[in-house]
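The values are calculated or read from the model by the stated rules, or taken from the named source; none is laboratory data. All of these numbers come straight from a predicted model, not from anything done at the bench. Heavy atoms of the whole protein, side chains included, go into the accessibility calculation; ligands, DNA and RNA do not. Shrake-Rupley method; radii C 1.70, N 1.55, O 1.52, S 1.80 Å.
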Amino acid sequence: MANRNGVAFSLVSLALTFLLFASQSNAQQTVDPAIKVSPYCVKAIDKPFCTKIVKVADTWQEAITEVLSKAIMQTKMAEPIMANLLITLPSTTDAKLKDDIGSGCRKSYNDALQTLKEVEESLKTGDKTQSANTKISAAMTRLDDCEDEFKKIPMPTEFATFYEGSKKLLSTCLAVERTRPDLV
């Protein structure tokens with residue numbers, strides 16, 4: 001029963017992630033030029049998406065905290081989604097390959113999560129070393145390591161959507177970090 005609830009949670013999480021990014025993708029294509037882009041999103045690839053995330057932020061600290069917390073939340077969702085993914089891989093997939101994909105992606109997302117938590121702590125204490133940029137970039141690289149696990153089989157569409165959503169949030173986080181007042 002617990003496994004069934006975990007799978008149901010994974011599917012709901014995946015569906016919500018898909019809807020969030022699908023709606024953002026559509027919104028990006030039909031952006032009204034009159035919409036004001038947040039000053040914390042001027043370096044973002046998807047400015048409307050970024051602006052929606054940081055819309056309540058009055059300061060850079062609030063903006064980076066908002067987008068970072070969403071990136072951390074997304075990264076935490078990887079574990080149940082990955083568990084479901086491994087169950088749904090074709091039965092013809094080699095067991096060792098499934099294990100390699102599972103352990104590789106789990107490690108990638110866990111490392112990315114740890115790095116993002118370090119950024120969160122660093123920003124809370126003032127980030128005197130200004131290492132947030134480097135660490136967010138490192139978290140993105142760790143997610144690329146997960147993608148590399150799918151060399152022998154294509155990444156399932158459901159996980160690809162989640163993965164791209166994770167990368168989009170980290171990219172947005174990096175863009176907001178690059179508007180840091182003491183860096184511009």
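For the reader, a short list of remarks on this structure follows.
- Mean Cα-pair separation over length for segment 55-142, i.e. relative contact order, pairs under 8 Å, 6 or more apart, %: 30 percent
- Gain in span if fully extended, Lys124 to Lys98, counting 0.36 nm per residue against the direct Cα distance: 5.5 nm
- What separates the Cα centres of segment 129-184 and segment 57-120 is a distance of 10 Å.
- Among the listed pairs Lys124/Lys168; Lys70/Lys98; Lys98/Lys151; Lys98/Lys152; Lys70/Lys167; Lys55/Lys124, those beyond 18 Å (Cα-Cα): Lys124/Lys168; Lys70/Lys98; Lys55/Lys124
- Per-residue accessible area (protein heavy atoms, 1.4 Å probe) orders Leu86, Leu116 as Leu86, Leu116, starting from the largest.
- Solvent-accessible area per residue, Å², over segment 47-115 with all protein chains present [probe radius 1.4 Å]: 48 Å²
- Projected area, mean over directions - segment 60-158, Cα convex hull, nm²: 6.5 nm²
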